[in-house]
Each structure stands twice: as structure tokens, then as C-alpha cells.
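For reference, the structure discussed in these notes is given below.
The values are calculated or read from the model by the stated rules, or taken from the named source; none is laboratory data. Keep in mind it's a predicted model, so treat the numbers as computed, not measured. A quick note on method: Cβ atoms are made from the backbone with ideal geometry, for glycine too, and the neighbour counts reach across all protein chains shown. Surface accessibility is based on the protein's heavy atoms, side chains included, excluding ligands, DNA and RNA. Shrake-Rupley method; radii C 1.70, N 1.55, O 1.52, S 1.80 Å.
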Amino acid sequence: MNHRYLPMTEQDQKEMLQAIGVQAVDELFSDIPEKVRFQGELAIKPAKSESALTRELMQLAAKNADTKQYISFLGAGVYDHYMPTIVDHVISRSEFYTAYTPYQPEISQGELQAIFEFQTMICELTGMDVANSSMYDGGTSFAEAAMLAAGQTRRKKVLVSEAVHPESRAVLETYAAGQHIEVVTVPQTNGITDLTVLKGLLSDDVAAVMVQYPNFFGQIERLDEIEALAHDVKSMFVVSSNPLALGALTPPGDFGADIVVGDAQPFGIPQGYGGPHCGYFAVTKKLMRKVPGRLVGETTDDEGQRGYVLTLQAREQHIRRDKATSNICSNQALNALAASVAMTALGKKGITEIARQNFQKAHYAKQQLKAAGFEVIQHGYTFNEFVIKLNKPIKEMNELLLEQGIIGGYDLGRDYEELSQHMLIAVTEQRTKEDIDTLVKELSEHA
Amino acid sequence: MHKKDQPLIFELSKKGRTGYSLTELDVPEVDLSTLAPEGFIRSSAPELPEVAELDIMRHYTALSKRNHGVDSGFYPLGSCTMKYNPKVNEAVARYAGFAHIHPLQEASSVQGALELMYDLQEHLVEITGMDEVTLQPAAGAHGEWTGLMMIRAFHEANGDLNRTKVIVPDSAHGTNPASATVAGFETITVKSNEDGLVDLDDLKRVVGDDTAALMLTNPNTLGLFEENILEMAAIIHGAGGKLYYDGANLNAVLSKARPGDMGFDVVHLNLHKTFTGPHGGGGPGSGPVGVKADLIPFLPKPVLVKNGDQFEFEYNRPQSIGRVKPYYGNFGINVRAYTYIRSMGPDGLKAVSENAVINANYMMRRLAPHFDLPFDRHCKHEFVLSGKRQKKLGVRTLDIAKRLLDFGYHPPTIYFPLNVEECMMIEPTETESKETLDSFIEAMIQIAKEVEETPEVVQEAPHTTIIGRLDETKAARQPILRYQKKEAVEV
């Protein structure tokens, strides 16, 4: 058969079968028992030419309302941020994207060095000592943090704030079921973790106290107070954090966090309908040998030249097999590269500036909505997201907004029964004053 | 090649340089310290590099030249299916309607994305012979764990609470036992026989009323088809266990044998292997899981359903194991895999496996006189050689692998599977031409000759790479896992 991905000609096939010593291809499959041999043709769509297929798929893509055409105020863990054009150019270099895991360091120095740089940048942002080479996403790295804490403390219970992303908590529940770990939810009040309740739940059987910073409602949790409570009972302090916010916020490491996790999606990674994104996992030096996933370390070659290798692999599944504490193998290397390029492009000055703009624009939006008479639900301070209460179902409002070219905020009623008719609004640096004013106007008109 | 250090991006940094472009703040500004509690505004900026855009591009271009990908050259890394990554997949995944949509948008505003996912699921159902597929797992190992959690939920729903053991062959991928552990099971190893297949007597010995599942790769990691698969299925099912298919090696049997027809109850696929989502230097992948009807209630939620001509997510799944990942999986990789499947069609996929198997057998036969062939029978998409003969002459398989670097090849997988001494596991894939295979074969034959005549050339390899063999012991004993400014480290 002729296909652009299949170079074997009829002549090649003939010569190769002869060298193998068989008459026909089928002989090579004769070890498949007759009973399980697939007969006939797979009932899937016939092949399409490149042009015909791209035409079809472009039409399919056009059925979706994308943030290149619509103004988005939807965040809730995935954000529309500035994506430096250079990012896609770098990750499109196929020496990167067509490579496997860098198991042969001599011909993988590029990838290894890029990851080493990524690890450094994550440490800088989070204020932690060690960061791994990436995890699937923020949700699964959050769950893995609980597993690490349970293993390290030999305790079987974790306390999780209700103000952590509901989908991260749902993933944690699934992982915890596998490991027989009890997950206790600490309620939120007015969008922030209720510390009085937390205090009451703490005891010396708690492996970890897990919060999000800024939390799911956009609020800035009191990491100083939570740290003291967690460490009082020798429990691990785990913080899930939007790394872009850490351009302006004091990093969790400075507050004594033991494990900091999150998703680097805000750095040059498209929303992509939820994936692939890029989980990160950072710890104190004490936990270095317990980190899940791959780590890159610096070393030297036989002539003393600096180079990089995958290291501390004794932790990993391909060595420890059933003794491994995590089964992660593939990670999100290419997206870690994308995040590195975006963080590099932003640099020391840009990271501060972008975080500042998010703060300021969300603050402006909040003030304008308040002025327009909307109720803003808030206990303390917020970063680039906040909650407003509407007098109609959010789904209905979002349909009206969509007609005006706006993707509205998140319907909190989907996860919090008491918060129906509450919308979580995200305002990133991408939204102009005009965008914000338009949102306020549209919301007011349909209120 | 000239040896040269590439500075770290931090070492290229110069105070005052910028590489970004942000619109000026256009809203009234307030004092930042009023927007956060006291002590919560960072006192010093994170030390990210300060470099201009061209410096960034040159840095990463230099790094890319220090990296070998499939586009650079032959990459016969066994069990990893390093086939060509079609460029059209990359283009389609970047369409704004796929790349720039938010996972929490109302379903009505993303019908195109949902339609693609639904159709991909249907295609994977047909290709695997299963009854339903979830796209939620992010990678192969994640899929393994998801499948095992479903098997556990299935047994528990039947009141069958003592099925605590998962049987795994000694030739299995390392992720299999690790996934079993994370899913809360104990792993039991079943031996391979002298033909490289699962030893049925040993399987009968280890199976019991505590067996939750058998995890199997077919063809196995030796590249051999487990021809007793129906007997094995009968043994496991007879004991009340489930059969799990590790789809890492599916590239061998597309349109030839479907896991669903072999008796498997759960299957995971590696879309970044068989279905060309690129490997990306280690990820992202995508690891959909397919199940038979009796396991459908336990699928991760939400489940994508079609109501009339509308697609939507169904959350009301009381027996579901729950979520395994935020949102709906690695959509971008799924788009690439879908594009690939639609580019190949049924005839194309069949030819993929046929050509992959011909390529592997051709290489195996031509290399057999020069290396030890532990299992002398037709292989599927990959095969193993042993470097036993060379080891007797003082040259290890690791040395042979390093010597291949000098010829511009990525070496095969080495020292895996664990049940073959000095193992080399070679998977050519179907996208490589006969000329490429012949050149690689010639290089291997030359190395075998060098082992006999000038072993030091192999032992001291590589000779032409930008860096020599790296000191891995030093890296592990004195870990340096991040860059520190020079002043900081010289204590």
C-alpha cells in the first residue's frame, strides 16, 4: 500500500520477506491463534488525504468558541494569558518534540539542560529547594503530594480545604481510595478556608494540611497561620499554587511549605480544552529523595566537562517496580519546555509586571462591578479572580454573554450547592479596560 | 563533533534586558500592598533570567542541536515505538478552535471538540474490540492505574473484597507493578518459560481466589505473541480475575488481533506511541482506557455521551471510580492521534502493523549471526538480542549502545526486559525505510567486529558526541538539581 508515512515498496517487501525466509506477510502472524485473529476490515472511517482531512477538521474546530475570537473571563484553574510567540517556535523544533525521555544523556543534553533550567525556575518562583521535571497537571500533582506526605509521616489522613480546586480534590479522592487514605474536607467560609474548623480537625494522625494559594475563589489564604497549625501537629504543609501569581505574592516556601504543587499552564501553554498542561512538584531538601517523577542533575563527563543526567532514579518505577511510591513514567516534558521559554521571556521584570497587572485588572473589575450594584463575595484579598452573585442561573447568563462575544465566568453551583447563581470571574492581563467595561455593561443589562 | 559547553540561560542573563511584550496597564492603579495581607507581597523578585528575544531563541536552538529526535535520525528504542510524528497532526492541534478553548466552557460552545473526542472514542473501541473507552488518563502508566482502580471497584461491587493481588509477568514494563502498588494491590510475578512466553504452569500456581487481575502486554516485551492467550484468559477468568492489556505494544497487531477478542477486560493505549502523538522529550502522552461492558459503570467520570445530535458530559455515575485527572484528558494529544487515525484509515493501520513486523523480523534475521538471539522464532514489532557473546570479550551491552551514538543512532532499549542477559531490545517501526535499516544493520555488524578486533574502541565510546560518558554516581551522591549563582555555592 502506498502511504506517505510508509516507505516500504513492493520490491522492498519482496526482498525483506526473502531475507526473513517466508513467502508471505501472513506467515509472520501465524503465531496468533486462529480464534483471535482479526478477520476482515476495521469498521473505521476510510483514510482521507491531507487536504481533505484538514478541511474537515478546520470546520470541526470552527464549531468551538475559542478565546482568539471571544473575550474570556473564565479561569478556575486554566487561564488565557500572554503567550510569547517565541514559545511555539522553540517547542516546534523537532529535536525536542520527537525525542523520547533523555535516557541517553550524550545525545539528550539539550532536553536535560532545558529541564534543569525549568527545575531552577520553579524553585525560584515557589521558594523551594528542589523541583522535579514535571507532572501530568496540577490536579494529579496535588494528589501525589498527599501520597508523599502520607508515606513520609506514616499517617493515613489528609485535611483538604474546600477552597482547593474541586477537580483537584476529586482526583485526590480517587488516588486516596487506592492507598486507603482518608480525605477530610475543611469547609470554606466566604471563599476562604475556615481556620477555626481546621484547628478543631487537627490532631497527630494528620499527614498533611492541603490548601491552594490563591485559592479556587481567587483569595489569598493565610499561609502563615495555616503553617503554624499544620506543623504544630507535625503534619506536612502542602500548598497548591498558581505559579504566575508568585511573581507578586510571597512564595509558599517562605511560609514554610513542605510541598508546593500546581500547574505551569499560565506560562505559554494553551488552554487546549484542559490538556496537556504541566504539573509541577517542588519540595524542601529534606524530601528530595521522595519526590515522584524524574529529576535532572548536574554532573561531569570523563574529561570534567559539565553535563546533565536523569538522577536519583532509584525512586522511580522502572527501577523500584512494585516498591515505587509513584507510578509516573511519561510526564509533560515538552510543556515544561514551553513554560521555561515563557518564564525566560518574561524574566525577572516581566514576571513581576504580569502578576501586578493581574492584581490590578481584577481589582478594577471588582470595583466596577461593585459600583454597578453587584454583590462581591469575599472574605479577604484576591489575586486575579473573585466571586459575584447574580440573580439568575449562571448558565443562562453565560449563554446571553456568549451572544455578545464574551465567555463568562465559572458557574460555582456546579461544585458548591450553596453557590448556585455565583460566578467566579477571572481577569488576566489579557483583558483591556474596554473588555472589562463591556462585561460590566452586559452583566448589568441582563441582571 | 567539537565539545563545547552551552551556558545555562541564567548565565546569559544581564540586568536590564527583557524578552517580553505586555500592553501597558490601562486601568487605574492602586498601591499593590493594599491588595494583599501584610507580608504577602513578595519582597524580592524571583531570579528568572533577563535576556532579549534573540538570545532566548539562540539558546534554545543551541540546546535543540544537542538533542536527538526521530527527525534527527533512526531511533530503534524498543517498546517506545519511536515512529515518525506527522506534521499535519501538529498543525491541526494548533487550530484556534482546538488549542484555545477552555475546559469549563458550556458544552454548547465546544461541540466540535466533543464531537472529535466522541469519534476518537468510537475509533478506539473498534480498533481494540472493547465496548467503551475513556480518554481521561494522561499517559500509559496513568491508564494502567485507572484500569486497575476500575477492576478493584468491580470486585468490590461484587462483594469480592479479598482480591488483593495482581499478577505480572517477569518481563513486564516497570510501570505495571508500580501501578498495581499505587492502586493498592500486591504484585505477584509469574515466570516466563524458555520460549519467552508466560509459563502456564506457573500461572496456574500463582492464580487463586485472591487474584484481582493479570496484567499482560501482547505481544510481550520480548516482541513475542503470547500464543496461549486464550488458555491464560480461561485460567484467570476461571479464578474470577480480570485480564488487563498493556497497550504499549499495540503497534504490532493493528487489524491483526484485537485485545477485546483475546479475552481482555481492560485495555490502555499509549496514543503517543502507536498513534503518533509525539513523545515530546518524555511527555505529554495520552493513555485512554477501554473496557468490556461489565466494567462500564466504573469508568472515570464524567463520561462523554451523545444525546440526539448534541454531545455532553454525564456526571451522574454512582459506581464510577471518580476523576483521575482534572477536565477530560490530554485533549491536544488526542487531537493528534485522531488526525493520524483518520490519515491512515483501516487499510493504512493494517499496513502499519504488517510493515512494522516485517521490519523487525528483517533486522532480527540479519543481525542473528552476529549477536545471540535468545528466542529464535518470528517476532512481532520488536525483538531482543543478547550481548552475551560480546560480554565474554569484555564489552558490555552498554558499550555497544554508546558506540551506536558515534554512528548517529539512538541506541535500542538496553538491559530490559530483565529476564534476558545483556539485553538489547530493538523496535524499528514501520516508518523507517529499508535503506535506514540496512545502514543500522551494517553499523551493528561493524561494532560486533570491533568487539572482536579493537574492543577498546567500543569500550571507550562514544567518541564523537558533544559530551562523553557522564558520571551518574556523582550526580546521585552530590545532587545538584538547580542552578545557583556562583557566589552562593562557594561556601
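Checked against (1) at the interface with chain A (Cβ under 7 Å from one of its Cβ atoms); (2) out of contact with any helix residue (DSSP H, G or I) (no Cβ under 8 Å at 6 or more places or on another chain); (3) charged (D, E, K, R), B:Glu11 passes all but condition (1). Every condition in (1) under 22 Å from A:Ser326 (Cα atoms); (2) at pLDDT 95 or above holds for A:Pro166 except the one numbered (1). The set of residues in the range B:1-21 being aliphatic (A, V, I, L, M) and buried (at least 16 other Cβ atoms within 10 Å of the Cβ) consists of B:Leu8, B:Ile9, B:Leu12. Among the candidates B:Gly147, B:Gly159, the residue that is modelled with pLDDT of 95 or more and part of a loop (DSSP other than H, G, I, E, B) is uniquely B:Gly159.
In this structure, A:Glu111 does satisfy being part of a helix (DSSP H, G or I), facing chain B (nearest Cβ under 7 Å) and acidic (Asp, Glu). Please work out which residue is most open to solvent (accessible area, probe 1.4 Å), limiting yourself to the range B:83-123 and to residues that are in a helix (DSSP H, G or I) and farther than 21 Å from A:Glu50 by Cα. Among those residues, the one meeting the criterion is B:Glu122. If you check B:Val253, B:Val206 for being assigned by TED's automatic domain parsing to the domain that holds B:Glu126, surrounded by fewer than 24 Cβ atoms within 10 Å (Cβ to Cβ) and within 19 Å of B:Asn176 (Cβ to Cβ), only one passes: B:Val206.
In the set (1) in a helix (DSSP H, G or I); (2) open to solvent by 40 Å² or more (accessible area, probe 1.4 Å); (3) in contact with a helix residue (DSSP H, G or I) (Cβ under 6 Å, 6 or more places away or on another chain), A:Leu57 fails one condition alone, (2). Restricting A:Ile394, A:Ile436 to residues that are closer than 13 Å to B:Gln105 by Cα and within 29 Å of the chain's Cα centre (by Cα) narrows the list to A:Ile394.
Exactly one residue out of B:Asp399, B:Asp438, B:Asp406 is within 17 Å of A:Glu106 (Cβ to Cβ) and open to solvent by 20 Å² or more (accessible area, probe 1.4 Å), and it is B:Asp406.
Taking the condition open to solvent by 30 Å² or more (accessible area, probe 1.4 Å), at pLDDT 95 or above and more than 7 Å from chain A (Cβ to nearest Cβ), does B:Lys391 pass? Against the criterion (open to solvent by 30 Å² or more (accessible area, probe 1.4 Å), at pLDDT 95 or above and more than 7 Å from chain A (Cβ to nearest Cβ)), B:Lys391 qualifies.
If only one of A:Gly279, A:Gly274 is facing another protein chain (nearest Cβ under 7 Å), within 28 Å of A:Asn64 (Cβ to Cβ) and surrounded by 24 or more Cβ atoms within 10 Å (Cβ to Cβ), which one is it? The unique qualifying residue is A:Gly274. For the range A:137-162, filtered to residues that are part of a helix (DSSP H, G or I) and of a type in the set (S, T, N, Q), the residue that is surrounded by the most Cβ atoms within 10 Å (Cβ to Cβ) is A:Thr140.
Residue count for the range A:75-105 under the criterion of being at the interface with chain B (Cβ under 7 Å from one of its Cβ atoms), in contact (Cβ under 8 Å) with a residue 12 or more places away in the chain and charged (D, E, K, R): the result is 1. Restricting the range A:289-329 to residues that are in contact (Cβ under 8 Å) with a residue 40 or more places away in the chain and of a type in the set (Gly, Ala, Ser), the residue that is farthest from the other protein chains (Cβ to nearest Cβ) is A:Gly293. May I ask you to list the residues in the range B:363-399 that are under 24 Å from the mean Cα position of the chain (by Cα) and of a type outside the set (Ser, Thr, Tyr)? Answer for the range B:363-399, where residues must be under 24 Å from the mean Cα position of the chain (by Cα) and of a type outside the set (Ser, Thr, Tyr): B:Met363, B:Met364, B:Cys379, B:Lys380, B:His381, B:Glu382, B:Phe383, B:Val384, B:Leu385, B:Leu398. Across the range A:187-195, a minimum of one residue is classified as surrounded by 17 or more Cβ atoms within 10 Å (Cβ to Cβ), in contact with a Pro (Cβ under 6 Å, 6 or more places away or on another chain) and either in the same structural domain as A:Ile259 (by TED's automatic domain parsing) or in a helix (DSSP H, G or I) (or both).
So is B:Pro417 in the same structural domain as B:Lys449 (by TED's automatic domain parsing), at pLDDT below 95 and buried (at least 18 other Cβ atoms within 10 Å of the Cβ) or not? Against the criterion (in the same structural domain as B:Lys449 (by TED's automatic domain parsing), at pLDDT below 95 and buried (at least 18 other Cβ atoms within 10 Å of the Cβ)), B:Pro417 qualifies. Of the residues making up the range B:151-173, those that are open to solvent by 10 Å² or more (accessible area, probe 1.4 Å) and at the interface with chain A (Cβ under 9 Å from one of its Cβ atoms) number 3. For B:Glu452, indicate whether it is open to solvent by 20 Å² or more (accessible area, probe 1.4 Å) and acidic (Asp, Glu). Taking the combined requirement at face value, the residue satisfies it.
Do you know which residues across the range B:103-128 are under 17 Å from A:Ala76 (Cα atoms), over 26 Å from the mean Cα position of the chain (by Cα) and at the interface with chain A (Cβ under 8 Å from one of its Cβ atoms)? Matches in the range B:103-128: B:Leu104, B:Gln105, B:Glu106.
For A:Glu385, the conditions (1) in contact (Cβ under 8 Å) with a residue 24 or more places away in the chain; (2) of a type in the set (Asp, Glu); (3) open to solvent by 10 Å² or more (accessible area, probe 1.4 Å) are fulfilled apart from (3).
Number of residues in the range A:1-33 that are more than 7 Å from every other protein chain (Cβ to nearest Cβ) and modelled with pLDDT under 95 equals 1. Set side by side, the residues A:Thr325, A:Thr352 differ, and just one is at negative phi, among the β-branched types (Val, Ile, Thr) and in the same structural domain as A:Tyr103 (by TED's automatic domain parsing), which is A:Thr325.
For the range B:60-82, the set of residues classified as part of a helix (DSSP H, G or I) and not basic (Lys, Arg) consists of B:Tyr60, B:Thr61, B:Ala62, B:Leu63, B:Ser64, listed by residue number. Here the condition is being within 12 Å of another protein chain (Cβ to nearest Cβ) and not hydroxyl-bearing (Ser, Thr, Tyr); of B:Asn249, B:Asn307, B:Asn270, it holds for B:Asn270 alone. Of all positions in the range A:154-163, none carries a residue that is within 7 Å of chain B (Cβ to nearest Cβ), of a type outside the set (Phe, Trp, Tyr) and touching a strand residue (DSSP E or B) at 6+ places or on another chain (Cβ under 6 Å). Being in contact with a strand residue (DSSP E or B) (Cβ under 8 Å, 6 or more places away or on another chain), buried (at least 24 other Cβ atoms within 10 Å of the Cβ) and within 21 Å of A:Arg169 (Cβ to Cβ) holds for only one residue in B:Pro300, B:Pro288, and it is B:Pro300.
Filter the range A:367-382 for residues that are open to solvent by 70 Å² or more (accessible area, probe 1.4 Å) and over 14 Å from A:Ile436 (Cβ atoms) and give the result. Selection gives A:Glu375, A:His379, A:Tyr381.
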